[in-house]
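Below you'll find the structure, written out as structure tokens, and then a few comments.
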Amino acid sequence: MKISLHLQDWELTTPFRISGHEWLTTPTLAVQVEHEGCYGRGEAQGVFYLDETAESLFEQAEAVLPDIRRGITREELQQLLPAGGARNAIDCALWDLECKRAGKTIWELTGIRPKPVTTVFTIGLEPEPEDMAARAAAAADAPVLKIKLNDDRPYERLAAIRAARPDAQLVVDANQGWNFDLLQEVLPRCAGLDLEMIEQPLPRGADAELEGFASPITLAADESCLDCSELDTAATRYSMINIKLDKTGGLTEALKLAHAARAKGCKLMVGNMVGTSLGMAPAFVIAQLCDFVDIDGPLLLKHDHLEGLRYHKGRVDGLTPRLWG
């Protein structure tokens with residue numbers, strides 16, 4: 001088996017801000033595997049809060065090139081590399097290669113029936129509530145908005161956005177930016193804003209207070225549930241799990257997590273680390289199993305792959321074998 005690695009830097013249309021971080025580009029590890037004339041591709045951005053970078057992903061993948069060249073299955077890859085961006089890019093490339101070699105689509109291999117999905121459109125953190133409201137109003141075609149917040153006037157920002165978009169479904173992502181006291185303060189104030197859910201309000205490793213807490217709004221685990229190994233604890237604190245392929249280390253583990261979380265009665269969401277349609281393609285597969293979908297990464301980029309997913313008024317479809325799977 002042949003494999004090539006390279007780094008790409010995809011430019012964003014505007015700076016993307018969340019609690020404590022800002023990006024102007026999305027650095028990406030791109031992987032291509034080849035066997036007997038068939039090619040498979042995968043991409044990953046890595047998990048920034050675990051200190052992964054495109055360069056560290058490259059080094060991690062490079063270290064296992066001899067193993068991959070000898071030929072490796074997706075199951076063997078799970079033991080060769082830990083969960084994270086490097087394994088994600090390789091795992092997704094192996095899925096793509098498997099489809100091409102078998103002459104089957106990803107839907108035939110997974111047994112999942114494809115349908116269009118509705119993705120959120122992300123409103124990044126801006127200096128003032130009015131700035132975020134303006135962004136929300138400008139995204140008039142997006143039926144579901146995901147609002148990035150920190151601990152600076154979260155209610156005021158949400159109220160301004162709700163006033164600007166009374167028609168939209170609103171989901172919130174605090175990106176670990178709150179504490180338990182702030183969560184308890186914000187929840188009752190948000191009762192009239194008709195929020196669908198709040199994602200990761202408390203920091204990873206500092207959310208034990210959520211055990212037994214009866215939240216009036218669905219709470220979702222993102223940073224607090226990386227893969228199947230963390231599901232048991234997360235399910236005692238959250239009623240929704242956000243699955244991201246960079247966290248799980250690929251589609252193989254993501255599918256296992258989705259089924260395991262459903263078995264525990266959890267709702268599901270699929271998310272992204274901001275990337276191209278190639279990075280979103282395997283997440284589109286997971287999206288078929290989810291209650292909420294966040295695969296708007298390509299909408300935040302100046303350029304995308306030519307055979308990219310199709311986005312129209314929040315609807316996503318158009319996954320073809322020319323792109324992936």
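Check the stretch 199-208 and report whether any residue there is crowded, with 22+ Cβ neighbours inside 10 Å and touching a Ser or Thr at 6+ places or on another chain (Cβ under 7 Å). Looking for residues that are crowded, with 22+ Cβ neighbours inside 10 Å and touching a Ser or Thr at 6+ places or on another chain (Cβ under 7 Å), one finds at least one in the stretch 199-208, hence yes.
Taken over the stretch 193-212, the criterion of being at pLDDT below 95 and not in a loop (DSSP other than H, G, I, E, B) is satisfied by no residue.
Exactly one residue out of V64, V47 is open to solvent by less than 20 Å² (accessible area, probe 1.4 Å), of a type in the set (V, I, T) and within 22 Å of I295 (Cβ to Cβ), and it is V47. In the stretch 67-78, which residue that is over 22 Å from A283 (Cα atoms) and assigned to a helix (DSSP H, G or I) is most open to solvent (accessible area, probe 1.4 Å)? Among those residues, the one meeting the criterion is R69. Against the test of being out of contact with any His (no Cβ under 9 Å at 6 or more places or on another chain) and surrounded by 18 or more Cβ atoms within 10 Å (Cβ to Cβ), the options L278, L245, L306 yield a single qualifying residue, L245. With D141, D181 as the choices, which residue is free of Cβ contacts under 8 Å to residues at least 12 places away in the same chain, at negative phi and out of contact with any Pro (no Cβ under 9 Å at 6 or more places or on another chain)? After applying the criteria, what remains is D181.
Please determine whether any residue of the stretch 13-27 is among the hydrophobic types (A, V, I, L, M, F, W, C), modelled with pLDDT of 95 or more and open to solvent by less than 40 Å² (accessible area, probe 1.4 Å). No - not one qualifying residue is present in the stretch 13-27. Quick one: is L319 more than 14 Å from Q45 (Cβ to Cβ), crowded, with 21+ Cβ neighbours inside 10 Å, in contact (Cβ under 8 Å) with a residue 24 or more places away in the chain and of a type outside the set (V, I, T)? Yes: the conditions hold for L319.
For T53, are the conditions met, namely being open to solvent by 50 Å² or more (accessible area, probe 1.4 Å), modelled with pLDDT of 95 or more, among the hydroxyl-bearing types (S, T, Y) and closer than 18 Å to K244 by Cβ?
Spelling it out, T53 is indeed open to solvent by 50 Å² or more (accessible area, probe 1.4 Å), modelled with pLDDT of 95 or more, among the hydroxyl-bearing types (S, T, Y) and closer than 18 Å to K244 by Cβ.
The values are calculated or read from the model by the stated rules, or taken from the named source; none is laboratory data. Computed from a predicted model, the values in this text were never measured in an experiment. Neighbour counts are summed over all protein chains in view; Cβ atoms, including those assigned to glycine, are modelled from backbone coordinates with ideal geometry. Areas reflect the complete protein model, heavy atoms only, side chains present, ligands, DNA and RNA absent. Shrake-Rupley method; radii C 1.70, N 1.55, O 1.52, S 1.80 Å.
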